[in-house]
Each structure stands twice: as structure tokens, then as C-alpha cells.
1. Here is a list: 147, 168. Which entry is exposed (fewer than 15 other Cβ atoms within 10 Å of the Cβ), part of a loop (DSSP other than H, G, I, E, B) and in the same structural domain as residue 216 (by TED's automatic domain parsing)?
2. Return yes when residue 82 is touching a helix residue (DSSP H, G or I) at 6+ places or on another chain (Cβ under 9 Å) and touching a residue at least 24 places away in the same chain (Cβ under 8 Å) and no when it is not.
3. Considering every residue within segment 221-229, establish whether at least one is over 33 Å from the mean Cα position of the chain (by Cα), under 30 Å from residue 59 (Cβ atoms), modelled with pLDDT of 90 or more and surrounded by 14 or more Cβ atoms within 10 Å (Cβ to Cβ).
4. Given the criterion surrounded by 10 or more Cβ atoms within 10 Å (Cβ to Cβ), more than 30 Å from residue 124 (Cα to Cα) and at pLDDT 75 or above, identify the matching residue among 77, 20.
5. Hey, residue 156 hits all of (1) over 23 Å from residue 88 (Cβ atoms); (2) crowded, with 16+ Cβ neighbours inside 10 Å; (3) over 20 Å from the mean Cα position of the chain (by Cα) but one; which does it fall short on?
6. Going by the conditions given, is residue 88 assigned to a strand (DSSP E or B), over 13 Å from residue 124 (Cβ atoms) and either free of Cβ contacts under 8 Å to residues at least 40 places away in the same chain or assigned by TED's automatic domain parsing to the domain that holds residue 164 (or both)?
7. So which residues in segment 108-122 are over 17 Å from residue 52 (Cα atoms) and surrounded by 12 or more Cβ atoms within 10 Å (Cβ to Cβ), if there are any at all?
């Protein structure tokens, strides 16, 4: 009887030892999987530079369009497509002038940015200004084969707005007339108070695009003319 009990005791100890060994192996494998990093890959992308918190009354006139960033993700994402990468430049508190600021990349989901240092970019900020100009008229030759003696523009004076450096390059505003329109009747004509031979000679009119030009006659970019068109008559 004692031999049977001793045998069972020995078997139980062996089973317990095997069970403990199995548990130890499972824990070791789990710990290894937890501490061993998943395989990764690196990829280099151009990040689109975007600005935020531009101060009121200011405009960005010069900044890089992209910066190069290195991204790292798990191997399972290597064949996946991902959204456009952007790098944000915060202009809060910026004053007119040139600034060297940090561009903060925003990685797509599942990726991280591998940094070797801050990404610094040069950004120029200018004040938005406006100036008034008299409107000069230019009529397309095909509209006036015989030439034009006198022209009128409505409005005759307009406002040009934009960055200070751009507005400073504008020397004159030209109304370029290319599309004929029917000139509206004045009040007396509409009421039938003027008839027959007493009717005034009808003037020709055209809708003209207003162009802000520099001293060389080239259009200045980065400015807006208000209003953008004028009615030219002759």
C-alpha cells in the first residue's frame, strides 16, 4: 500500500514539474514577443508645408512648398498607401519680416517621424495694404477699327490690395476692354421723353477686366483689384 501511495506521489510530482515547465515556457515566449519590437521600415517623403495662426492683416509671401521627412512604420504597412504628409508652421505672434521657424510634421496613422533634429524653414510675412489708382482705358483694336477719340471708365478710380511689397510695385491700373455690351438707356430715353432725331448718338460700351501693372507693363501678382471689372464706353 505504501508503495502505491509513493508511486502516485512520484507521478504527481512529475506532472507538476511538467506543468510548471509548460507555464514557464509560455511566459518566456510571451515576454519575448512583448519585448521584441515588430519589424519596421523607413520611407522618405516630401511633406506639404502649411501655415496656421497667420496674424490678422498679415499674409505669407514666401515659404517653402515642401520639406523632406523620414517616416517609420511596421512592415505590414509597407505596401499600403497613405494620405499626404503635411508639416505645420505656427505663425502665432509673427511680425512683418523674415522668420526661421519650426515645421512640425504630422505623420499618417501607423507611422512615426524619425527626427535627427528640428526641421527649420524660412517664412516671410508681410502686412496687407491697399492703395487707390485712377483707371486707364485700353480698348481692343477689333472693337474700334477706326480708333477711339475719347473713353470713359466706370468706376474711374479703384482700390488695389495685397502684400506691401506687391502693392508697392503697382504703378497703374488698366481697364482692358474686349467684350462689347449694350449701353443702358438713360432715364429720359427710358421714359420716352426723347424721340427721333433728338435721340443722342448711342455710345459703344464694353466690359473691361482691370489689371494692376508695374512700370514695365507687366501684371503684378499677389494683388487684387476692387472692383475687378469696369464698364468702358466711347
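1. Going through 147, 168 in turn, just one is exposed (fewer than 15 other Cβ atoms within 10 Å of the Cβ), part of a loop (DSSP other than H, G, I, E, B) and in the same structural domain as residue 216 (by TED's automatic domain parsing): 147.
2. Here the answer is no, as residue 82 does not meet what is asked.
3. No - not one qualifying residue is present in segment 221-229.
4. Unique residue meeting the criteria: 77.
5. Going through the list (1) over 23 Å from residue 88 (Cβ atoms); (2) crowded, with 16+ Cβ neighbours inside 10 Å; (3) over 20 Å from the mean Cα position of the chain (by Cα), residue 156 breaks only (2).
6. Yes; evaluated as a whole, the condition is true for this residue.
7. Scanning segment 108-122 gives 108, 110, 111, 112, 113, 114.
Residue by residue, here is whether (1) farther than 23 Å from residue 211 by Cβ; (2) in the same structural domain as residue 76 (by TED's automatic domain parsing); (3) in contact with a strand residue (DSSP E or B) (Cβ under 9 Å, 6 or more places away or on another chain); (4) in a strand (DSSP E or B) holds:
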{"position": "92", "(1), (2), (3), (4)": "yes, yes, yes, no"}
{"position": "100", "(1), (2), (3), (4)": "yes, yes, yes, yes"}
{"position": "123", "(1), (2), (3), (4)": "yes, yes, yes, yes"}
{"position": "138", "(1), (2), (3), (4)": "no, no, yes, yes"}
{"position": "142", "(1), (2), (3), (4)": "no, no, yes, no"}
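The values are calculated or read from the model by the stated rules, or taken from the named source; none is laboratory data. Since the structure is predicted, the reported quantities are computational estimates derived from the model, not experimental observations. Because the Cβ atoms are built from the backbone with ideal geometry, glycine has one as well, and the counts that use them run over all protein chains shown.
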